[in-house]
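Asker: Pasting in a structure now, in structure tokens, and then I'll have a few things to ask.
The values are calculated or read from the model by the stated rules, or taken from the named source; none is laboratory data. Source: prediction; values computed, not measured. Glycine also receives a Cβ, built like all others from the backbone with ideal geometry; neighbour counts cover every protein chain displayed. These accessible areas exclude ligands, DNA and RNA; they are computed on the full protein's heavy atoms, side chains included. Shrake-Rupley method; radii C 1.70, N 1.55, O 1.52, S 1.80 Å.
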Protein chains: 2
Amino acid sequence: MQTSLPQHPIGVFDSGVGGLTVVRALMDRLPFENIIYFGDTARVPYGVKSVATIEHYTQQIADFLLRQQVKILIIACNTMAAVAADKVRAASPVPVLDVIEAGARNAVARSASGGIGVIGTPTTINSNAYARAIHRLNPDSRVYSQACPLFVPLVEEGWLDHPVTRLTAQEYLKPVFVESIDTLVLGCTHYPLIKPLLSDITGQRLQLVDSALSIADQAAQLLQDSGLANPQHELPDYQYYVTDLPVKFQTIGERFLGRSLNRLDLVSL
Amino acid sequence: MQTSLPQHPIGVFDSGVGGLTVVRALMDRLPFENIIYFGDTARVPYGVKSVATIEHYTQQIADFLLRQQVKILIIACNTMAAVAADKVRAASPVPVLDVIEAGARNAVARSASGGIGVIGTPTTINSNAYARAIHRLNPDSRVYSQACPLFVPLVEEGWLDHPVTRLTAQEYLKPVFVESIDTLVLGCTHYPLIKPLLSDITGQRLQLVDSALSIADQAAQLLQDSGLANPQHELPDYQYYVTDLPVKFQTIGERFLGRSLNRLDLVSL
């Protein structure tokens, strides 16, 4: 059984490139922490796979990161968090944070009316994991969920502020607007990239909860409480692992990360 | 070394559900042939993977179908055809047809001016495989290619005749319309489902080549020439194998196939 030390890295993982929005939020919030990112690009997207397959793949990745001596594990993929977080948590020797728990906490803290909307991929929405997480925190809350399957491909196309994306968002949000909610959780790590467009459409009607920012806050709190914050004020190490190197990964990855992607290595599980 | 017999099935494969448009065309064109379909739904989409990964997966599937004694192999996935058809052909004891060769043949036969447009996924277009196949058949032809990454997710969302799909198609076809071409190849097995919408936008300007129909014609010719056409006039067997059973596979699959999906089995490679 390994012992976690403050200089050990934070392990962040996702089915592909989306979790880099979480890495970006962590870099901004915790600028002295070493981070290892794992993106399962050979098997992305998870959102269309069965529960058994997602559980199996998720545990493989968690095991890989634990072998790299990470001090906490962050599940940055909403699909994996929805389907496999409990199993990973049960088997992990280090604390496990996940984007759903983080987003739910933030939404419950911020919603005045208790009416909370959630948008995400079909698998995340079908799993009902946000509704469960929100109700565990506040049994009186009312959750309205809406799957938005086209947002991920639109973000990956780079149409972040495009009439097609705007029209798609208006279509998906139409049923959301008639619900009495005051808060909308962006339940997918791709969505922070279209937050300006979504914010423009929702206007004053809804406050948006970005789960990448939420989990960075939660990680900061956890490291402080557990004495595992890295006390050094030197340049940290950032290491990225992927299972395949698709065309445009670098381009799309840097758009998500907001900076250069160095130390990118290919591994197989 | 196996000997092919007329009663042996035709093997059709794709990375996921898209190749069912080819199966549908085969059922209509060759109603007495037994067909085995293989969709690698656990690892879909191939379009974002590296060349080495696509080659490896494609050969695994071809080997699986050859063990089922198929009399011809049909690569119904444009990405696999673009990247791995030559390798599969070199290693196969039975004839191998692929959607790119079939679409290219049909386009060259039908284009009066020699100006041919091709639309497909980014990987298919980046591979330049259609341009190569078309030039092998007619060195004087001029090919204009355009990647349309959002068409696959739009088709899978079921927005076959939706303002968002129309706006997306208008955006993608804008540069195509300024080229002097008379024929447009639908270089992706998902695209036959939006053929009415595309046809509506292109109007009289372009004739559309559907590679599912093209390959069904080519398969019919091959079976006749080689004496491998099934002479029986009984109900044929249709068997479908997938590597994962995602949510909505049945629904989406039946939309692609245009009829019920029976005998659907899960296998792992």
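Asker: How many residues does the stretch A:143-201 contain that are of a type in the set (Lys, Arg) and under 23 Å from residue A:98 (Cβ atoms)? Steps first, please.
Answerer: Within the stretch A:143-201, the first condition is being of a type in the set (Lys, Arg), and the residues that meet it are A:166, A:174, A:195.
Imposing the further condition that a residue be under 23 Å from residue A:98 (Cβ atoms) reduces the set to A:195.
The total comes to 1.
Asker: Follow-up question, since we're still on this one. Check residue B:159 against each of (1) aromatic (Phe, Trp, Tyr); (2) open to solvent by 30 Å² or more (accessible area, probe 1.4 Å); (3) not in a loop (DSSP other than H, G, I, E, B) and name the one condition it does not meet.
Answerer: Going through (1) aromatic (Phe, Trp, Tyr); (2) open to solvent by 30 Å² or more (accessible area, probe 1.4 Å); (3) not in a loop (DSSP other than H, G, I, E, B) one by one, residue B:159 breaks only (3).
Asker: How many residues does the stretch A:76-89 contain that are over 14 Å from the mean Cα position of the chain (by Cα) and open to solvent by 10 Å² or more (accessible area, probe 1.4 Å)?
Answerer: Within the stretch A:76-89, residues that are over 14 Å from the mean Cα position of the chain (by Cα) and open to solvent by 10 Å² or more (accessible area, probe 1.4 Å) number 3.
Asker: Something else: Among the residues of the stretch A:231-269, what is the count of those that are open to solvent by 60 Å² or more (accessible area, probe 1.4 Å), hydrophobic (A, V, I, L, M, F, W, C) and in a loop (DSSP other than H, G, I, E, B)?
Answerer: Matching residues across the stretch A:231-269 total 4.
Asker: Considering only residues that are within 12 Å of residue A:15 (Cβ to Cβ) and in contact (Cβ under 8 Å) with a residue 60 or more places away in the chain, look in the stretch A:61-82 and name the one that is farthest from the other protein chains (Cβ to nearest Cβ).
Answerer: Per the stated criteria, the residue is A:75.
Asker: Quick one: is residue A:105 over 24 Å from residue A:230 (Cα atoms) and in contact with a helix residue (DSSP H, G or I) (Cβ under 9 Å, 6 or more places away or on another chain)?
Answerer: Details: over 24 Å from residue A:230 (Cα atoms): yes; in contact with a helix residue (DSSP H, G or I) (Cβ under 9 Å, 6 or more places away or on another chain): yes.
So residue A:105 fits the description; yes.
Asker: Pairs, please: C-beta under 6 Å, at least 6 apart or cross-chain, first residue closer than 20 Å to residue B:78 by Cα and in the stretch B:148-161, second among the aromatic types (Phe, Trp, Tyr)?
Answerer: B:148/B:172
Asker: Another question about this same structure. Report whether or not residue A:92 is away from chain B (no Cβ under 14 Å), without any contact (Cβ under 8 Å) to a residue 60 or more places away in the chain and either in contact with a strand residue (DSSP E or B) (Cβ under 7 Å, 6 or more places away or on another chain) or surrounded by 18 or more Cβ atoms within 10 Å (Cβ to Cβ) (or both). Even if it seems obvious, please write down each step before you answer.
Answerer: Details: away from chain B (no Cβ under 14 Å): yes; without any contact (Cβ under 8 Å) to a residue 60 or more places away in the chain: yes; either in contact with a strand residue (DSSP E or B) (Cβ under 7 Å, 6 or more places away or on another chain) or surrounded by 18 or more Cβ atoms within 10 Å (Cβ to Cβ) (or both): yes.
The answer is yes for residue A:92.
Asker: Hey, another quick one. So, in the stretch A:43-75, of the ones that are open to solvent by 10 Å² or more (accessible area, probe 1.4 Å) and in contact with an Asp or Glu (Cβ under 6 Å, 6 or more places away or on another chain), which residue ends up modelled with the highest pLDDT? Quick ask: steps written out before the conclusion?
Answerer: Residues of the stretch A:43-75 that are open to solvent by 10 Å² or more (accessible area, probe 1.4 Å), as a first pass: A:43-45, A:47-48, A:50-53, A:55-57, A:59-60, A:63-64, A:66-69.
Still in the list and also in contact with an Asp or Glu (Cβ under 6 Å, 6 or more places away or on another chain): A:50, A:53.
Details: A:50: 81, A:53: 89.
In this case the residue turns out to be A:53.
Asker: Determine whether the stretch B:172-192 contains at least one residue that is within 14 Å of chain A (Cβ to nearest Cβ), of a type outside the set (Phe, Trp, Tyr), in contact with a Leu (Cβ under 9 Å, 6 or more places away or on another chain) and part of a helix (DSSP H, G or I).
Answerer: For the stretch B:172-192, residues within 14 Å of chain A (Cβ to nearest Cβ), of a type outside the set (Phe, Trp, Tyr), in contact with a Leu (Cβ under 9 Å, 6 or more places away or on another chain) and part of a helix (DSSP H, G or I): present.
Asker: Which condition number in (1) over 30 Å from residue A:143 (Cα atoms); (2) of a type in the set (Ser, Thr, Tyr); (3) not in a strand (DSSP E or B) is the one that residue A:214 fails?
Answerer: Unmet for residue A:214, out of (1) over 30 Å from residue A:143 (Cα atoms); (2) of a type in the set (Ser, Thr, Tyr); (3) not in a strand (DSSP E or B): (1).
Asker: Which residues, counting only those in the stretch B:163-194, are surrounded by 17 or more Cβ atoms within 10 Å (Cβ to Cβ) and farther than 17 Å from residue B:256 by Cβ?
Answerer: Listed by number, the residues that qualify are B:164, B:166, B:168, B:169, B:172, B:173, B:176, B:181, B:183, B:184, B:185.
Asker: Has the stretch A:136-155 got at least one residue that is in contact with a strand residue (DSSP E or B) (Cβ under 9 Å, 6 or more places away or on another chain) and in a helix (DSSP H, G or I)?
Answerer: Looking for residues that are in contact with a strand residue (DSSP E or B) (Cβ under 9 Å, 6 or more places away or on another chain) and in a helix (DSSP H, G or I), one finds at least one in the stretch A:136-155, hence yes.
Asker: Give me the pairs: first residue in the stretch A:10-25 and more than 21 Å from residue A:66 (Cβ to Cβ), second residue hydroxyl-bearing (Ser, Thr, Tyr), beta-carbon distance under 6 Å, and six or more apart or on different chains, which are they?
Answerer: Close Cβ pairs satisfying both conditions: A:18/A:189; A:21/A:189.
Asker: Given the structure, is residue A:103 crowded, with 21+ Cβ neighbours inside 10 Å, at pLDDT below 95, over 30 Å from residue B:52 (Cβ atoms) and of a type outside the set (Val, Ile, Thr)?
Answerer: Numbers: crowded, with 21+ Cβ neighbours inside 10 Å: yes; at pLDDT below 95: no; over 30 Å from residue B:52 (Cβ atoms): yes; of a type outside the set (Val, Ile, Thr): yes.
Against the criterion (crowded, with 21+ Cβ neighbours inside 10 Å, at pLDDT below 95, over 30 Å from residue B:52 (Cβ atoms) and of a type outside the set (Val, Ile, Thr)), residue A:103 does not qualify.
Asker: Sticking with this structure for a sec: Please go through the stretch B:112-146 and pick out each residue that is out of contact with any helix residue (DSSP H, G or I) (no Cβ under 6 Å at 6 or more places or on another chain), open to solvent by 30 Å² or more (accessible area, probe 1.4 Å) and either under 13 Å from residue B:81 (Cβ atoms) or more than 14 Å from chain A (Cβ to nearest Cβ) (or both).
Answerer: Those that are out of contact with any helix residue (DSSP H, G or I) (no Cβ under 6 Å at 6 or more places or on another chain), open to solvent by 30 Å² or more (accessible area, probe 1.4 Å) and either under 13 Å from residue B:81 (Cβ atoms) or more than 14 Å from chain A (Cβ to nearest Cβ) (or both): B:112, B:113, B:128, B:132, B:135, B:136, B:139, B:140, B:142, B:144.
Asker: If you don't mind, there's one more thing I want to ask. Within the bounds of the stretch A:221-230, is there any residue that is in the same structural domain as residue A:74 (by TED's automatic domain parsing), among the polar types (S, T, N, Q) and open to solvent by 80 Å² or more (accessible area, probe 1.4 Å)?
Answerer: Filtering the stretch A:221-230 for residues in the same structural domain as residue A:74 (by TED's automatic domain parsing) gives A:221-230.
Subsequent filtering for residues that are among the polar types (S, T, N, Q) retains A:221, A:224, A:226, A:230.
Those left that are additionally open to solvent by 80 Å² or more (accessible area, probe 1.4 Å): A:221, A:224.
Yes, the conditions are met somewhere in the stretch A:221-230.
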